[in-house]
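Values in this text are rule-based calculations from the coordinates and carry no lab data. What you see is a predicted model, and the numbers here were worked out from it, not measured in a lab. No Cβ is skipped: glycine too gets one built from the backbone with ideal geometry, and neighbour counts run over all protein chains shown.
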Amino acid sequence: MLKKLLPLALVAALSVPALADEAAVKKAIEAKLGSTVTSVSKSSYLGLYEVYVDGQILYTDEKLTAIIAGTLIDGKTMKNVTSERMAKLTAIKFSDLPLELAVKQVRGDGKRVLASFEDPNCGYCKKLAKDIATLDNVTLYTFLYPILSPDSLEKSNQVWCSADKAKAWYDWMRDSKALSGKGDCDTSPVQKSVELGHRLAVTGTPTLFFADGERVPGAVPLAQIEKKLDQAPGNR
């Protein structure tokens, strides 16, 4: 149903009684969309309610007169309100990540931390690997997330079975150095990483998670990564 909602489209709704609160809006919009709504909260714009459902934000009024699928911009500050809210709604608790499932690399004092979900055949992930080659004083946790092809799973298993997982991963991602691991060890951690990514609704690679739990999709610029790392608790 939601896939039919075009960005910035206004979808006319059937006449319904006035809705008194967020719970009523949640119940009514679930009935209309046929989807389970994660959260509903009253926004500070035009009396609209923010509806978080199926991994995206929609807006509607208390009568469901219209459903808005798109980006909300603050007219005074020109800030992308929807983007900022998405960052908060999709944040996680970093300490809950099962880091033993990740390929770990420590650089310098390793004080700053960054986790990522990556596919070995992902071009943007390879770009990211080259961009962050100069990062120092950081611990990188890479969850192998082979979602692009069967070959991605084979390569991920080879990385996991390598004597030096971190070296095998970065040699492949940065220099396209052939993987030598046979992939014949216990590769259940790779499958568990895939299951973890699904639970966290990771839909693309790379997806980054910072110490404060914020999720950032895509190969973002190095300067942005550095800024986020330095803003993390304990590094300010």
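The amide H of Val53, built 1.01 Å from its N in the peptide plane, has Thr38, Leu58 as neighbours under 5 Å, considering only residues 5 or more places off or on other chains. Per the Debye calculation on the chain with a single equal scatterer at every Cα and no solvent contribution, log₁₀ I(q)/I(0) for q = 0.11, 0.12 Å⁻¹ amounts to -0.67, -0.77. A simple packing score, the average count of other Cβ atoms within 10 Å per residue, orders the peptides 181-187, 150-156, 137-143, 21-27 as 137-143, 150-156, 21-27, 181-187, with the highest score first. For the chain, a crude dipole built from +1 on the beta carbon of Lys and Arg and -1 on the beta carbon of Asp and Glu, taken about the Cα centre, is about 300 debye to the nearest 20.
Where nothing but the Cβ of Lys and Arg (+1) and of Asp and Glu (-1) is charged, how large is the charge dipole of segment 94-231 around its Cα centre, in debye to the nearest 20? Working shown, then result.
On the way: 18 positive and 19 negative charges, 47 e Å.
With only Lys, Arg, Asp and Glu charged at Cβ, the dipole is about 220 debye.
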